[in-house]
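The values are calculated or read from the model by the stated rules, or taken from the named source; none is laboratory data. The shown structure was predicted, so the numbers you read here are calculated from the model rather than taken from an experiment. Please note: Cβ atoms are built from the backbone with ideal geometry, for glycine as well, and neighbour counts cover all protein chains shown.
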Amino acid sequence: MDKNQRASKTVQRQGLRLTPRRRLVLEILQESHEHLDAEMVYERARSRDPHISLATVYRTLALFRLLGIVEQHQFGESHGHFEAVQSNPHYHFTCVECGQVSEFSAPEVDALVQHLCQKAGHRLEHVKLDLSGVCSVCQSKRESKAASISMEPLSVVSAGIVGQIKRFAGGHDFAARAIAMGLTLGAEVKVIQNYGHGPILVGVQGARIALGRGEAAKIMVSLQ
């Protein structure tokens, strides 16, 4: 039994028919390798049936979702994206920077979820797991951008110059001391006094801090 036949039987069990336009909407979702929103489905359906309406597409998607033929995902947006239900479980990862949605299978997750449900005496019917983060492409772009930023140790920055703290070069203990003084990563720091010898006076978050030259040399800043 193919996907259309299974969908037709699901619809018929509710006393309805898989009409030509309902079938068209389902075929568009089954053929697509993307996650389409209602208007995208409508545009593709209209290219095959110029008389189909957007309202018909919305009603059909709502019906299919209720019958478990179609899944709806938000992917962090206000409108839904739709895909035909697949026989094998799969999951989605949404990049919070570029918005790209990728699918992946995870047999280990499937097995664990089945085991937990069986252990609790539950019958598993559906698993929904949506992940978000930064994709590998955007991570590479971040790293390239960070590498292209010129950084200087705070000890060589002249008075009157403002920089942003990017990195601590003195290990975890020094980083903890710097953060305790208010010198946090990303904070803007202005050099108030630097004679090239002796302590360096800086301003950060409304406070003035005197740093030894050795301490200042371990604070890497990007200059504005």
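If the condition is being under 31 Å from the mean Cα position of the chain (by Cα) and closer than 12 Å to Val202 by Cβ, then the range 156-177 contributes Gly163, Ile165.
Residues considered: Glu97, Glu34, Glu43, Glu108. Of these, the only one that is in a loop (DSSP other than H, G, I, E, B), free of Cβ contacts under 8 Å to residues at least 12 places away in the same chain and of a type outside the set (Val, Ile, Thr) is Glu34. Looking only at residues that are in contact with a strand residue (DSSP E or B) (Cβ under 8 Å, 6 or more places away or on another chain) and either more than 24 Å from Gln100 (Cα to Cα) or among the β-branched types (Val, Ile, Thr) (or both) in the range 25-60, which one is surrounded by the most Cβ atoms within 10 Å (Cβ to Cβ)? Applying the filter and picking the extreme gives Val41.
Against the test of being in contact with a Cys (Cβ under 9 Å, 6 or more places away or on another chain) and exposed (fewer than 13 other Cβ atoms within 10 Å of the Cβ), the options Val101, Val96 yield a single qualifying residue, Val96.
The C-beta contact set for the range 186-214 (first residue assigned by TED's automatic domain parsing to the domain that holds Gly163 and farther than 11 Å from Leu154 by Cβ, second residue hydrophobic (A, V, I, L, M, F, W, C) and in a loop (DSSP other than H, G, I, E, B), distance under 7 angstrom, 6+ apart or interchain) comprises Ile192/Ala159; Gln193/Ala159; Gln205/Ala187. Condition first: hydroxyl-bearing (Ser, Thr, Tyr) and modelled with pLDDT under 90. Can you find one or more residues in the range 115-138 that meet it? Within the range 115-138, one or more residues are hydroxyl-bearing (Ser, Thr, Tyr) and modelled with pLDDT under 90.
Checked against the criterion of being within 29 Å of Thr94 (Cα to Cα) and not in a helix (DSSP H, G or I), the candidates His126, His122 yield just one match: His126. Tell me, which residue of the range 143-155 that is hydrophobic (A, V, I, L, M, F, W, C) and surrounded by 15 or more Cβ atoms within 10 Å (Cβ to Cβ) is farthest from Val202 (Cα to Cα)? Among those residues, the one meeting the criterion is Met151.
Conditions tested, residue by residue: (1) part of a loop (DSSP other than H, G, I, E, B); (2) acidic (Asp, Glu); (3) within 21 Å of Ser150 (Cβ to Cβ).
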| position | (1), (2), (3) |
| --- | --- |
| Gly160 | yes, no, yes |
| Lys166 | no, no, yes |
| His172 | no, no, no |
| Ala176 | no, no, no |
| Gly182 | yes, no, no |
| Gly186 | yes, no, yes |
| Lys190 | no, no, yes |
| Gly196 | yes, no, yes |
| Gly203 | no, no, no |
